[in-house]
Amino acid sequence: MEQAPTLPDATLVAELRRTLQDGKQALKEAYLANGNPAALLRGTAHLIDGVLQHIWHTLAPDRQLCLAAVGGYGRREQYPGSDVDLLILLPDGNAETHRPALERLIGLLWDIGLDIGHSVRSVGECIGEADRDITVQTTLLETRFLCGSRKIYTRFRGEFDQAIDPLAFFKAKRLEQESRYAKHNDTPYNLEPNCKENPGGLRDLHTILWVARAAMLTDNWRKLAAAGIIIRSEARLLARSEDFLRRVRIGLHYLTGRREDRLLFDHQEALAKSLGFTATASRRAAEVLMQHYYRNAKRVTQLNTLVLADLASRLERHPAAPPITIDADFQIVHEQLDIRAGDHFERNPAALLKCFLLLSQRPELKGMTSRSLRALWRARGRIDATFRRDPANQANFLALFKENRGLTHQLRRMNQFDILGAYLPAFGRIVGRMQHDLFHVYTVDQHILQVVRNLRRFSLPEFAHEYPFCSRLMAAVPQRWRLFLAALFHDIAKGRGGDHSHLGERDARRFCRTHGISPDDTTLICFLVEHHLTMSTFAQKHDLADPNVIHRFAAIVASEERLTALYLLTVCDIRGTSPKVWNAWKAKLLEDLYRITRRLLSGESTSPLAGIEERSEEARRLLRLRGLRPGVETDLWNQLDTAYFLRHDSEEISWHTLTLYHCLASPVPIVRARINPAGAGLQVMIYTPDQPWLFARLCGFFSRLGYSIVDAKIHTTRHGYALDSFILLDSANQLPYRDMIGLINHDLAEHLALQPPLAQPSQVRISRQVRHIPLTPEVSIRADESSNNYILSITAADRSGLLYAIARTLAKHEVRLYSAKIATLGERVEDTFLISGTELGKTATLVRLEQELLEVLQV
């Protein structure tokens, strides 16, 4: 049992806890009144300084010990919810001697309400740890004396400053920053960014000051300008950007009452209002805040790149070597591209695009010199209408897409320094634009660049193992630059109102015309932009076993060249929305559609009867391979109609036959689950005497197990048995699929035999995205082309048990289900059902069904 503090300690704890609480409240009130983040951070650090010094002097520990502030607290940047980082310096490294006193000290600090992060080290241990660990070295770099032995602190400071190698420190921090960027997908534009760790966050600013401090140059923006590393206008931009990020982080800490640095959807609206952002006619306050945040983050990444490049040039003392002249505009200096005159971009703006082309063409170049980067950034305003009409500039921009290397990197660099948006104003308008659609996790500009990057990887041999089929197709594509341009334009019209595919097609056509692109190439590029959603829609919302569907799609693409290009763009587009959206099932649907359509376009027969005969023969061959004698399939197949053979492939038909040929009149349900042979997940077959509400009962069972249904094929035999097949995915990866096969086979068969009443849909928690990004559900019921059945289309926010709720509603209206295509896009579902029912021909029934479905879709 933990011992209560002695009375003097208890009195001290109560007194100091009250001091801290009163002081923090006063600082908060002052901040809310004047909005000065620097004053709040310094004031909080000063308040904690006084409390720590009081405790230290009260406890009177060994005079040889020293208490120092480190990290953010050390630089007097103490946020309301942040830990208080402390270093206790020992004279000899023998912590055991001082353990009782130190345990009492640390216990008191926790008792008064401070979240302490502390280390106890000797001077030698500090230097050794710093030499081995860049994180420790960075923390100790900002050490500040608090109380205790000034002598040991001075010794530590002297030895630490002498031991630090500014160049090695810079290289380590640069690698650390690259690793941090990679964790956040190299973009500041995530929809829920971390204002401290994301690219464009506070860490980018800290890194600049850490490197400058390690080089003994300075520790603030004003002194950096005085030292000639930055100019005064850049110092003002850095201070303004830092001030905004500080206010964001402080606001998050106050809103949540803890250390929370992520701009989660839960907090964005309240944070926006607390920071003074207001809603507009078309955007919520949170959207206005986030647009401002992204612009600020972009400015931070720009300045971080510029200043670190300048610091690198000062720290990396290369041996003197004459520059290597490239042409009248550029030269190579220490493996970096350099302008031959400081004002060259201002005098010759055409070089603004030429420099990116050179970086792609010359693999020996590792980047641009600091003066070139700064000159590039300052001259970005020289890109105007006259610049865009210049044929030489147009040729340079187009040539960039035709290079064999560097396209993604250069487009990202151009976007970072506002060159891409200046050259393509339509692109500039979507920079930093959020996409509130529950499945894109990037802003529009970052999504576009991600799609270009995905396409480029298909063309690079070192990435061929990732998507072998796509890489094989890309290897045969001539003039791949056309796909890259189509990717650049495919979402460029987002946010304008209207159909962004058609608006983007107009932009692409105008670009092709002004850049002298041939009519054939223009036609392909514009086709891809206009139809970049078409293949995904057909694959995920239509029955690919229906020859009419394939014929309609083939009529749209018209040629194998267009088909291949659209397939590759579609794969990259879906993968570029979010790491969670792409899965093996979507991959199979798209590949199936591609292969079937290519056969049609190449002249192979697509007659339904011919297809059925081919599948039947292949199924018979597979049955023979499994040892079944000829003719065993006849009895079962006589009970199956043409629709069954259209909707199932030969492998599925043979699996069903192998399982059922000897038990056609089984009085009990038969359930068989297996690993999906066509991709990830489980495939489950159900064979049972037909029963009311069967589909709803199945949906409820799978929902309780945590599975998502991505495909359902519903069939009723001529003798009144249900033969249904489902593809299931476990998005949470809770249990290995193979371990669940036996449980599903037994428990589902038992559940269907008992036929218990349908349970009410459970109340489920919805995700944060769904709560904060509104999505109005949509329901559409329309007759199919045969007018015998109906197509039910549903768009809604996803949640657990949603399909079960839909199935209950359909069963209530005695609607018969033939197939279901379940498309989950992040937190959004787009489901398509083929249904029939005697009452669906009545308008009143349709309206009532739509209304009830809308009710269950509401969250």
Worksheet item: Over the stretch 97-138, what number does the Rg to Rh ratio reach, with both radii from the alpha-carbon atoms and Rh per Kirkwood?
Response: 1.09
Item to complete: Calculate, axis by axis, the spread of Cα positions in the stretch 597-702 along the three principal axes, and write the results as whole Å, longest axis first.
Response: 44, 32, 25
Worksheet, complete the sentence: Subtracting the Cα-Cα distance of Thr659 and Gln53 from 0.36 nm times their residue separation yields 210.2 nm
Discussion item. From the P(r) of the stretch 282-390, could you give the percentage of C-alpha pairs in the tail past 15 Å?
Written reply: 69 percent
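Provide the FRET efficiency to the nearest 0.05 for the Ala399-Ser559 pair, computing r from the beta carbons and using R0 = 22 Å.
Step by step, r from the Cβ atoms, then E = 0.20.
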Fill in: the chain - mean residue ellipticity at 222 nm from DSSP helices (-39,500 (n - 2.57) per run, n ≥ 4, rounded to 500)
-17500 deg cm²/dmol
Response to the item:
Under the rule rounded for a/c under 1.5, else prolate if a/b exceeds b/c, else oblate, using alpha carbon gyration tensor axes a ≥ b ≥ c, the stretch 40-186 is classed as oblate
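To the nearest 0.05, what FRET efficiency results for Glu614 and Arg513 with a Förster distance of 35 Å applied to their C-beta separation?
Rounded to the nearest 0.05, the efficiency is 0.15.
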Practice prompt. Please sort by residue number the GluC sites (Glu not before Pro) in the stretch 777-859 whose DSSP state is loop and whose Cβ has at most 13 other Cβ atoms within 10 Å.
Written response: Glu785, Glu814, Glu839
Item to complete: If a/c stays under 1.5 just call it rounded; otherwise compare a/b with b/c (prolate if a/b is bigger, oblate if not). Do that for the stretch 332-404, with a ≥ b ≥ c from the square roots of the Cα gyration tensor eigenvalues.
Response: oblate
Discussion item. Just to be sure I understand the model, the point goes 7 Å from the Cα along the line to the Cβ. What's the resulting Thr843 to Asp384 distance in nm?
Written reply: 6.0 nm
Worksheet item: Listed highest first by mean packing, meaning other Cβ atoms within 10 Å per residue, what order do 541-548, 637-644, 815-822 come in?
Response: 815-822, 541-548, 637-644
Item to complete: Provide the solvent-accessible area of His409, counting protein heavy atoms only and rolling a 1.4 Å probe, rounded to the nearest 10 Å².
Response: 110 Å²
Worksheet item: Which translational diffusion coefficient, to the nearest whole µm²/s, is obtained for the stretch 489-579 from the Stokes-Einstein equation, given a Kirkwood hydrodynamic radius over C-alpha pairs, 25 °C and 0.890 mPa s?
Response: 175 µm²/s
Fill in: Approximate shape of the stretch 630-768 as ellipsoid semi-axes (Cα gyration tensor, √5λ), whole Å, largest first
27, 18, 13
Worksheet item: For the stretch 329-407, with only Lys/Arg (+1) and Asp/Glu (-1) charged at the beta-carbon, what is the dipole magnitude about the Cα centre, in debye rounded to 20?
Response: 160 debye
Worksheet item: Want the number for Ser602 to Glu346: 0.36 nm per residue separation, take away the alpha-carbon distance, what's left?
Response: 86.7 nm
Worksheet item: Which FRET efficiency value, to the nearest 0.05, do you get for Ala753 and Lys812 by plugging their Cβ-Cβ distance into 1/(1 + (r/R0)^6) with R0 = 30 Å?
Response: 0.85
Item to complete: Sticking with the crude label model, points 7 Å out along Cα→Cβ, report the distance from Arg232 to Gln851 in nm, one decimal please.
Response: 7.1 nm
Worksheet, complete the sentence: Over all pairs of different Cα atoms in the stretch 134-247, the reciprocal of the mean inverse distance gives a Kirkwood radius in Å of 15.7 Å
Practice prompt. May I ask you to list the trypsin sites (Lys or Arg not before Pro) in the stretch 45-143 that are in a DSSP loop and have at most 16 other Cβ atoms within 10 Å of their Cβ?
Written response: Arg63
Response to the item:
Of every hundred units of 1.4 Å-probe accessible area on the chain, the number belonging to carbon and sulfur atoms, as a percent, is 50 percent
Discussion item. Rolling a 1.4 angstrom probe over the protein chains, ignoring ligands and nucleic acids, what is the accessible area of Thr301 in square angstrom, nearest 10?
Written reply: 10 Å²
Discussion item. Students sometimes get this wrong: rank Leu533, Leu623 by accessible area, probe 1.4 Å, all chains present, largest first.
Written reply: Leu533, Leu623
Practice prompt. Go through Lys183/Lys273; Lys171/Lys196; Lys223/Lys366; Lys366/Lys494 and tell me which ones have a Cα-Cα distance over 24 Å in this structure.
Written response: Lys183/Lys273; Lys223/Lys366; Lys366/Lys494
Worksheet item: Based on the alpha-carbon gyration tensor of the stretch 206-279 and its eigenvalue square roots a ≥ b ≥ c, which shape applies: rounded if a/c is under 1.5, prolate if not and a/b is larger than b/c, or oblate?
Response: prolate
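Give me the number: length gained by fully extending Asp186 to Arg155, i.e. 0.36 nm times residue separation minus the C-alpha to C-alpha distance, one decimal in nm.
Answer, rounded to one decimal: 7.1 nm.
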Worksheet item: For the chain, what is the accessible area per residue in Å² when the probe is 1.4 Å?
Response: 44 Å²
Fill in: Computed accessible area, Trp210, all protein chains, 1.4 angstrom probe, square angstrom
20 Å²
Worksheet entry | Estimated inter-spin distance, Thr776 and Trp582, nm [label 7 Å along Cα→Cβ] | 3.3 nm
Response to the item:
Of the candidate values (i) 221; (ii) 188; (iii) 235, the one computed for volume of the Cα convex hull per residue in Å³ from this structure is (i)
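The values are calculated or read from the model by the stated rules, or taken from the named source; none is laboratory data. No experiment lies behind these values; they were computed from the predicted model shown. Cβ: placed from backbone, ideal geometry, glycine included. Neighbour counts: every protein chain shown. Calculation scope for accessible area: heavy atoms of the full protein, side chains included, ligands and nucleic acids excluded. Shrake-Rupley method; radii C 1.70, N 1.55, O 1.52, S 1.80 Å.
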